[in-house]
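Participant: Sharing a structure, written as structure tokens. Questions coming.
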Amino acid sequence: MFDDQSRRYKNQLVPLQPIDVDKYKKFVGDKAIEELKWLSEPLKDKVWANVNSTFIGGGVAEMLRSIVPFAKGLGIKCRWFVIEGTTEFFTVTKKFHNMLQGKKDRISMEEIFHAYLENIYNNLKQTKIPAHMVIVHDPQPAAAIMSGNIFGYVLWRCHIDTSEASRRIWRFLLPYINQYDGAIFTCPEFVKDGLHIPEYCITPAIDPLKEKNRQYSREKAMSIVSPLFKKNNIDPGRPFILAVSRYDIHKNQQTIIKAFKQMKKQLPADAPDPLFIIVGNMATDDPEGEKMYQTILAEIGGDKDIFSFLNIEDNDRIVGALMNLATCFVHVSTKEGFGLVVTEAMWQGTPVIGSSIGGIQKQVMSGTTGFLVEPTDVEKIIHHMVFFLKNKEERSVMGNNSIEHVRSNFLLPALVKQYLYLMRYYLEIDNKFPPSRINDITYSEIKKAAYGRSVWPFSRDALHEKIESLWETLETQSDKD
């Protein structure tokens, strides 16, 4: 069935166990969870598959590690496939990523046809992904729709800011994207011209049960970071400003470092003496991470008040504790689809200085949960850093506001709810558009309504039976392997 059957199959299908969804009632209330159970009732034993390009690193992988068990806990057969890629593949898809976010770059036909399309072909030529709904995440696997081996209603989920996408790369991807049954974006303004399919806006979310998002007391958080502080001679009595993200050119860590260095020279005599801690990791599908990390170390230049960490041990627990203890969190990306680290910091009750771009604007309400700034406005960043260092009471109020804003909008059950609406719509359980729909009736829908059903050789029930039969075959093969 597959080349090197057992290894290849098990590498591509991520095994995750269902979780008891009632555990989330303490975060969002009984009513919200009971509504999810009601929405999912007709979806029990239906298959919802996800496809992306990495097991670890980055917000997509983090969300899938929570979405899949949660959906399984609702009785849905939720699956997660990870495509395999060569170094050349991830190098060219990183170019896709950067160019979709507006960066100018050169890309050759050799890279597109050999490193990208050939890798997609090799992944899907013998791997079948049958499901009632399939979500293909981001540009890396976007061309997989043309493989002929993905069955069901297939939607493309774009997690990045494509509002200023390079015309060259958008035009290359557009014919593939228009083969999907819909496209999902984080913000309506990210949608580019040329789409002839349904468009949806769904906001990402964090999982409050994950280690990183546990809300500790200050004493407990300090005990967690104590070994890291001792090892690196960090004074636990000094306040610190925190930044956490991948080491990526768009994360703009260099501007924060410049702002912190200048702030130290401008601090009034009555202000505390702060530190700056910057924590980063590298996703397996990001070949530029190491180069960017070295650039950041050069920007720090040996400043004894700045501490930079890469892929620290016990990462999630320590990052969560650092977010809990930080005076403020700074995330001033030049491009950002959403910025889950902002959500995580706010959930810990830490106000955020965030850039006024992308999905960050949905989270940071200036003057209420933090402050929004232009990503390169060093003076404004300094001004807000000093404000948080000097004003403990206002910092506490904004921190509490942040927690409630996340609870109401950006926790896992709210995200799964939007996907359930989508699945119910495509399976015709609901006839009206899902709440996330942002465009009117499209060319592809008119075409299907006019021609598709009258000549389609199978009934919808027969199609569903075919998908379920394919899954039974795959699962039987997996057990044998």
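The values are calculated or read from the model by the stated rules, or taken from the named source; none is laboratory data. Please read all numbers here as calculations on a predicted model, not as lab measurements. Cβ coordinates were reconstructed from backbone atoms using ideal geometry, including for glycine residues, and neighbour counts include every protein chain displayed.
Participant: How about segment 59-100: which of its residues are part of a loop (DSSP other than H, G, I, E, B) and surrounded by fewer than 24 Cβ atoms within 10 Å (Cβ to Cβ)?
Facilitator: Selection gives 74, 75, 83, 84, 85, 86.
Participant: Quickly run through segment 277-311 and pick out the residues that are modelled with pLDDT of 90 or more, in a loop (DSSP other than H, G, I, E, B) and in contact with a helix residue (DSSP H, G or I) (Cβ under 7 Å, 6 or more places away or on another chain).
Facilitator: 303, 305
Participant: Right, here's the next one. Being of a type outside the set (Phe, Trp, Tyr), part of a loop (DSSP other than H, G, I, E, B), surrounded by fewer than 16 Cβ atoms within 10 Å (Cβ to Cβ) and not assigned by TED's automatic domain parsing to the domain that holds residue 200 is the requirement here; does residue 350 meet it?
Facilitator: The answer is no for residue 350.
Participant: A further question follows. Tell me, yes or no, whether segment 242-251 has at least one residue that is outside any helix (DSSP H, G or I), under 21 Å from residue 350 (Cβ atoms) and in contact with a Leu (Cβ under 9 Å, 6 or more places away or on another chain).
Facilitator: Yes, segment 242-251 contains a residue that is outside any helix (DSSP H, G or I), under 21 Å from residue 350 (Cβ atoms) and in contact with a Leu (Cβ under 9 Å, 6 or more places away or on another chain).
Participant: Could you check segment 170-213 and list, in sequence order, the residues that are of a type in the set (Lys, Arg) and surrounded by fewer than 18 Cβ atoms within 10 Å (Cβ to Cβ)?
Facilitator: Selection gives 171, 210.
Participant: May I pose another question? Of the residues 180, 176, which single one is assigned by TED's automatic domain parsing to the domain that holds residue 27, of a type in the set (Ser, Thr, Tyr) and not in a helix (DSSP H, G or I)?
Facilitator: Being assigned by TED's automatic domain parsing to the domain that holds residue 27, of a type in the set (Ser, Thr, Tyr) and not in a helix (DSSP H, G or I) holds for just one of 180, 176, which is 180.
Participant: Continuing with the same structure: Just to be sure, is residue 273 of a type in the set (Asp, Glu), more than 19 Å from the chain's Cα centre (by Cα) and either at pLDDT 95 or above or crowded, with 20+ Cβ neighbours inside 10 Å (or both)?
Facilitator: no
Participant: Looking at (1) at pLDDT below 95; (2) surrounded by fewer than 22 Cβ atoms within 10 Å (Cβ to Cβ); (3) farther than 30 Å from residue 257 by Cα, find the lone condition where residue 163 falls short.
Facilitator: All conditions are met except number (3).
Participant: Another question, then. For segment 219-237, state whether one or more residues are buried (at least 16 other Cβ atoms within 10 Å of the Cβ) and closer than 22 Å to residue 359 by Cβ.
Facilitator: Looking for residues that are buried (at least 16 other Cβ atoms within 10 Å of the Cβ) and closer than 22 Å to residue 359 by Cβ, one finds none in segment 219-237, hence no.
Participant: List pairs: first residue in segment 303-326 and without any contact (Cβ under 8 Å) to a residue 40 or more places away in the chain, second residue surrounded by fewer than 17 Cβ atoms within 10 Å (Cβ to Cβ) anywhere in the structure, Cβ distance under 8 angstrom, at least six positions apart or on different chains.
Facilitator: Pairs found: 308/297.
Participant: If I filter segment 389-397 for residues that are buried (at least 16 other Cβ atoms within 10 Å of the Cβ) and either free of Cβ contacts under 8 Å to residues at least 60 places away in the same chain or in the same structural domain as residue 27 (by TED's automatic domain parsing) (or both), do I get at least one hit?
Facilitator: no
Participant: Give the residues of segment 1-31 that are crowded, with 17+ Cβ neighbours inside 10 Å and at pLDDT 95 or above, sorted by residue number.
Facilitator: Answer for segment 1-31, where residues must be crowded, with 17+ Cβ neighbours inside 10 Å and at pLDDT 95 or above: 19, 21, 24, 27, 28.
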